[in-house]
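To keep things clear, I will list the structure first and then write my remarks on it.
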Amino acid sequence: MAEFSVVEMAMRQIDRGAEALKLSENQIRLLKCSKRILRTTFPVEMDDGTIRLFTGFRCQYSDIRGPTKGGVRYHPNVSEEEVIALAAWMTWKCALVDLPYGGAKGGVICDPLKLSERELEHITRRFTAEIMPILGPDKDIPAPDVFTTSKTMAWMMDTFSMFAGYTEPAVVTGKPEVLGGSKGRKEATGRGVAIITREFYRAQGKKLDGCTVIIQGFGNVGSHAALFLSLMGAKIIAVSDQNTGLIDKNGLNIQELMNCTDRNRCLEPYIGATHTKPDDIFDVKADILIPAALENQIRKDNADSFQVGAIVEGANGPVTPDADEILEQKGIHVIPDILANAGGVIVSHYEWAQALSGLYWEETEVNEKLEKKLVSSFNEVWRRSQNLKIPLRTAAYVVAIARILEVYKYRGIFP
Ligand code: GLU
């Protein structure tokens, strides 16, 4: 049972940042204002001819710093609450890494693993048509999230373009490269998780070489984080997906695991490691744990049992505020989501800029810019955390909040 709703979680995190900055009630009210949410229920004809109703949401939490930006997820647990919390986190993430964006998130309640490609396409196209009035390259720009891919973005881009009457590549990011997708976008979130982990080690005068890592979730973020961390010399000793845990104390072969999930969409058929229940990987002792699945995974009821040195949040909202306090007491550092997984939206910004200008960049240029931005963002958060003697999450909120309030200072409150 969740101890908090996800929105309460996001608001508690804001409160801790606000406390460190000694903000007024008025300022806190501005930060806690969720601007707009569109809820839509629509029919889709399934492959067997039955008509099913699907419900989806798009929340635009804040556009004070620019057009709203954030992913669209397909999952049975999508809810209005969840989408609002995720849109709030996008707002703070974009402010933290200083992108000219506000924050948004969307989702459709469905189980994509039980839908055919044609059904997914129809859901995507109809959902896009429903949220069309609030979409656009200067309004709101979707991207992939849990169980959505570059293919989903291609359908969204095409649907938007059909209604607009012209081709608009800048309306979504995370597209296939032939449609104007950026080189390096697919790997960007996982690459960012690895870079931030490396910087966290470097800041403490330590090296990643030989350190042990557990990763919960082997989707786009988890698998690429595993790949880049193993290339940096870390040893990935346990991973999991929805149904399977895999443990190998000598280190898993990440490329083989990726080949397995490419072929089968799951880890289950993989031979060559000990198979367990997914949550059993949480019992493994390691230097680093990367939750890269969903929110609410490390809670008051299990936070005490982890035997890891640090937690790097690949997913959005995997650690609850109560768990944060327990981990703090245990001396386990948490590198917050809005920093650790910001690599995805950073390269989304590059993709949007490329589409708007019509000039496309080499992959080395994308990766160099990403690396530079992440390293400077990490250093800023680390400095705040050291100077103010606050946890990294609170420090990240302090940086993000200050940037948002600075914009309010100049823009004022309309009218
Ligand atoms: N869904 C990703 C996130 O949570 C990426 C969002 C984007 O690129 O707009 O950060």
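With each run of n ≥ 4 DSSP H residues scored as -39500 (n - 2.57), what mean residue ellipticity at 222 nm is computed for the chain after dividing by its residue count and rounding to the nearest 500 deg cm²/dmol?
-14500 deg cm²/dmol
Mind ranking 89, 361 by accessible surface for me, highest first, 1.4 Å probe?
Heavy-atom accessible area, descending, gives 361, 89.
Please list the non-local residues whose amide H lies under 5 Å from the amide H of residue 54, H modeled 1.01 Å from N, same-chain partners needing a gap of 5 or more.
For residue 54, the qualifying residues are 42, 44.
So which trypsin sites (Lys or Arg not before Pro) in segment 310-398 are both in a DSSP loop and have at most 12 other Cβ atoms within 10 Å of their Cβ?
389
Under the Karplus relation 6.51 cos²θ - 1.76 cosθ + 1.60, θ = phi - 60°, what is the ordered set of whole-Hz ³J(HN,Hα) values for segment 107-116, x standing for Gly and Pro?
Values per residue, Gly and Pro as x: x, 10, 6, 6, 10, x, 6, 10, 10, 7 Hz.
How do 131, 84 stack up against each other in accessible area, from largest to smallest, with a 1.4 angstrom probe?
Highest to lowest solvent-accessible surface, that is 84, 131.
Rank-order 299-311, 209-221 by packing density, defined as the average count of other C-beta atoms within 10 Å over each peptide's residues, highest first.
My ranking of the peptides, most packed first, is 209-221, 299-311.
Select from 76, 336, 291 the residue whose mean-square fluctuation is largest in a Gaussian network model of the chain (Cα-Cα springs shorter than 10 Å).
Of 76, 336, 291, the Gaussian network model singles out 76 as fluctuating most.
I want to verify the translational diffusion coefficient of segment 318-415 in µm²/s; compute it with Stokes-Einstein, Rh as the Kirkwood radius over Cα pairs, at 20 °C and 1.002 mPa s.
D, rounded to a whole number, is 136 µm²/s.
Could you pull out every whole DSSP H run in the chain that spans at least 18 Å of Cα extent along its own axis and averages -1.0 or higher on the Kyte-Doolittle scale?
6-21, 80-96, 117-131, 150-164, 185-203, 343-357, 392-411
Taking amide H positions as placed in the peptide plane 1.01 Å from N, state which residues far from residue 102 in sequence (5 or more) or on other chains have amide H under 5 Å from it.
HN-HN under 5 Å from residue 102: 65, 66, 68, 69.
Fully extended, how many nm does the chain gain between residue 266 and residue 371 (0.36 nm per residue separation, minus their Cα-Cα distance)?
34.8 nm
When ligands, DNA and RNA are left out and all protein chains stay put, how many square angstrom of accessible area per residue does the chain have with a 1.4 Å probe?
42 Å²
Rounded to the nearest 0.05, what FRET efficiency do residue 209 and residue 5 have when you use their Cβ-Cβ distance and R0 = 56 Å?
0.85
Counting only protein heavy atoms, what percent of the accessible surface of segment 112-195 is carbon or sulfur at a 1.4 Å probe?
Answer for segment 112-195: carbon and sulfur cover 56 percent of the accessible area.
For residue 268, tell me the accessible area in Å² from a 1.4 Å probe, rounded to the nearest 10.
110 Å²
What accessible area, in Å² to the nearest ten, does a 1.4 Å probe give for residue 91?
Only protein atoms counted, so the area is about 10 Å².
Only bridges whose two residues both fall in the chain count here: according to DSSP, what percent of them are antiparallel, nearest 5?
About 45 percent, rounded to the nearest 5.
Rounded to the nearest 5, what is the percent of antiparallel bridges among the DSSP beta bridges in segment 180-255?
40 percent
For segment 1-130, what is the per residue volume of the convex hull drawn over the alpha-carbon atoms, in cubic angstrom?
It is 122 Å³ per residue.
Are there GluC sites (Glu not before Pro) in segment 1-76 that DSSP marks as loop and that have at most 14 other Cβ atoms within 10 Å, and which are they?
Passing both the DSSP loop test and the Cβ count: 3.
Taking amide H positions as placed in the peptide plane 1.01 Å from N, state which residues far from residue 315 in sequence (5 or more) or on other chains have amide H under 5 Å from it.
Close amide H contacts, sequence-distant or interchain: 292, 293.
Bins of 10 Å, beginning at zero and ending with the bin holding the largest distance: percent of Cα pairs per bin for the chain, please.
Per 10 Å bin, starting at zero, the Cα-Cα P(r) for the chain comes out as 5, 23, 34, 27, 10, 1, 0 percent.
The values are calculated or read from the model by the stated rules, or taken from the named source; none is laboratory data. Worth saying up front: this structure is predicted, and the values here are computed from it rather than measured. Please note: Cβ atoms are built from the backbone with ideal geometry, for glycine as well, and neighbour counts cover all protein chains shown. Heads up: the accessible areas ignore ligands, DNA and RNA and are worked out on the full protein's heavy atoms, side chains in. Shrake-Rupley method; radii C 1.70, N 1.55, O 1.52, S 1.80 Å.
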